[in-house]
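For reference, the structure is listed below as structure tokens.
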Amino acid sequence: MFQPNMFENLHHQQHLGDMGHKPPENHLDMLGDDEHDSKSGTDIMEGASGDDQDPNQPPNKKKRYHRHTQHQIQEMEAFFKECPHPDDKQRKELGRRLSLEPLQVKFWFQNKRTQMKAQHERYDNTQLRNENDKLRAENIRYKEALANAVCPSCGGPPAIGEMSFDEQQLRVENLRLREEIDRISGIAAKYVGKQAITFPDVSSHGPSHSLDLPVASFIPQQGMVGEMYGASDLLRSMSGTTEAEKPIIIELAVTAMEELIRMAQIGEPLWVPSPDDPSQETLNEDEYIRSFPRGIGPRPTGLKSEASRNSNVVIMNHMNLVEILMDVNQWSSVFCGIVSRAMTTEVLSTGVAGNYNGALQLMTAEYQVPSPLVPTRENCFVRYCKQHGEGMWVVVDVSLDSVRSSSIPRYRRRPSGCLIQEMPNGYSRVTWIEHIEVENGDVNNMYKVLVNSGLAFGAKRWVATLERQCERIASAMASNIPSGDVGVIATPEGRKSMLKLAERMVLSFCSGVGASTAHTWTTLSGSGADDVRVMTRKSMDDPGRPPGIVLSAATSFWLPIPPKQVFNFLRDENSRSEWDILSNCGHVQEMAHIANGRDPGNCVSLLRVNSANSSQSNMLILQETSSDATGSYIIYAPVDIASMNVVLSGGDPAYVALLPSGFAILPDGQGQYEGEVGTTGGSLLTVAFQILVDSVPTAKISLGSVATVNTLIKCTVERIKCAVGANDL
């Protein structure tokens, strides 16, 4: 199973040769910090310093140098790509394998880091100079425009009050450019050692780039069918930004960034202990209004405020986290359980010097809970990314309804986002703020307590999801197969291919289980909240889905059982026959297992059903189970043996047809959920199936097919209730 230190040694070679020779003690005294200067990367000086030499021995007249062999250099270059900062243990093991002293290995890595740093600084300096020249010309153009401005009435120089709106915006933007050039020039001066110049430069509003993405081609999750993503009126409303709007949006983003940083760093009286649970924080609304008088305006009538803050350490480099947040496809994939749809509508700035510092983009997104009973939340917002100090990055979202006012919004985001602080060994500390205003009137009564508790859309869910996904990504990137992985997976390529297939399965399930406005759910009866809801979708020309008419069915219901207990029951292959009607009561055997995190329940499995039914003899079940502090998933899909053999051999999993089904388990909001998903309280369980009812995409669905799926999901629910002792509900 999963090893506790697995993620700390993902790229570390586990079988290294033995070498008995150890470095002298006095060599350890010569080691400095990473900034220690030495000779070239291939020449290492040997011999002790004069103070450490034996007084009875004559002093060395000439230092001896060691030149590394080509093989040693190639091995250390390869190791450097995976781990540029090896620890003592890694240096010793690498030294044993290459017949080098740990000191020699340390000096080589120090020199290599210095060399790479110099290369990066030269590149950044060139980028900064180019940006500087470009923006200097821009500033001159603005100055000339202002100098030549005339009053339209008298033909003379205009007073401020008589200037046109465009001319006033030129002055505002020119002031912003001056401020930004001072900052960028300061960075350039640090690299080149020259005095900073005072010409305009920008990081948060460079040349405007428009992403012309038609809605019909938008596919936020990889491998999904385009028909699933018909845009709602809100998504269509994001038209191109006018020149008059850009400085207003920039000012809004800068103000939101300042507010988010303060909200992440300030404690009481802004954040106070919750009266219901002292271990949780609550935002003091009165103090918030006093502390942040600027912003997006007062809360509209009828909207309820939700504010939460959460922090944790995740196993991912801080720059990789920034890239995930600023790339809409990666962001919507990592948070697929929360983000049902997302798109970038316009990029106002791509950042400076090849990174996201100063990146500014307009986006739309739809947020969900994995149940058709909870309405999604749609929003148009600006996302702004900026570096604050060494190793600290901030990404903030804020709604654009104050800029593009139309009707009263049902949902809007006050400054929300995260602070990312670099930590040693590739880890990062993430502090997340969620501050929203929403109309919750349409939420089903069964989910109201959960939504009001903040576990449904709050900061804790974002951080818990990120932590779990970072562990999953680290597992997928592992170069060796951990001892917890068992079964028929023989190669690292096969392991990665199977994980990629499971990722697509999870994305497909999450995109079709919620109440997205891209879906049209139809309720089959009107007896209560646990009615079965169905929808149909056509699958055409998609190698990742079987062609034809797919019928999706889902229902949600409450169980008086803690979520952790429900999760362990449903993921256990030994108890699968108690609820899985399609297994025909056959014994289920795990053929392969890939650990996906510290929690033993986070894994990808390949299951075989040993059934007397001959039609199932060539079928396997691909299953991924995952659990974090706010919810759990059990997602599975049948796959044929021939396709899985291709995947396990390292083949492309994109051509394996999948129709995932599964469960989403959420706490009911009544129990305590510290540390792991609810060990007390009840559970809100959503069951979702996808069935291919006709292999002809143009065929019409029959009432018999709908009735069969309805019976299937109803029987599954009753079996689960009976198995966990809740059949009287």
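The values are calculated or read from the model by the stated rules, or taken from the named source; none is laboratory data. Just so it is clear, the model here is predicted, and its values are computed rather than measured. Cβ: placed from backbone, ideal geometry, glycine included. Neighbour counts: every protein chain shown.
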Matching option when the condition is crowded, with 21+ Cβ neighbours inside 10 Å, in contact (Cβ under 8 Å) with a residue 40 or more places away in the chain and closer than 21 Å to Gln280 by Cβ, among Ser428, Ser416: Ser416
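I need a count of the residues in the range 336-353 that are charged (D, E, K, R) and not in a strand (DSSP E or B).
0
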Candidate set from the range 273-312 (those that are outside any loop (DSSP other than H, G, I, E, B) and of a type in the set (A, V, I, L, M, F, W, C)); member that is farthest from the chain's Cα centre (by Cα): Ile289
Positions within the range 374-425 being modelled with pLDDT under 90, more than 23 Å from Ser340 (Cβ to Cβ) and under 19 Å from the mean Cα position of the chain (by Cα), in sequence order: Gly391
Strands (runs of 3 or more DSSP E) wholly inside the range 497-614 containing at least 1 residues that are in contact (Cβ under 8 Å) with a residue 24 or more places away in the chain, among the small types (Gly, Ala, Ser) and touching a Gly at 6+ places or on another chain (Cβ under 7 Å): 533-539, 548-559, 587-595
Close pairs from the range 54-79: first over 17 Å from Pro102 (Cβ atoms) and of a type in the set (Phe, Trp, Tyr), partner in a strand (DSSP E or B) and modelled with pLDDT under 90, Cβ under 9 Å, at least 6 apart: Tyr65/Asp43; Tyr65/Ile44; Tyr65/Met45; Tyr65/Glu46
Unmet criterion (only one of (1) crowded, with 22+ Cβ neighbours inside 10 Å; (2) in contact with a Leu (Cβ under 8 Å, 6 or more places away or on another chain)) for Arg608: (1)
Residue count for the range 695-727, restricted to those that are within 36 Å of the chain's Cα centre (by Cα) and over 18 Å from Leu582 (Cβ atoms): 4
Number of the exception - Tyr673 against (1) at pLDDT 80 or above; (2) outside any helix (DSSP H, G or I); (3) of a type in the set (Ser, Thr, Tyr): (1)
Of all residues making up the range 438-463, the number that are more than 23 Å from Trp558 (Cα to Cα) and crowded, with 21+ Cβ neighbours inside 10 Å: 4
Filtered residue count, the range 426-455, keeping only those that are modelled with pLDDT under 90 and touching a helix residue (DSSP H, G or I) at 6+ places or on another chain (Cβ under 7 Å): 4
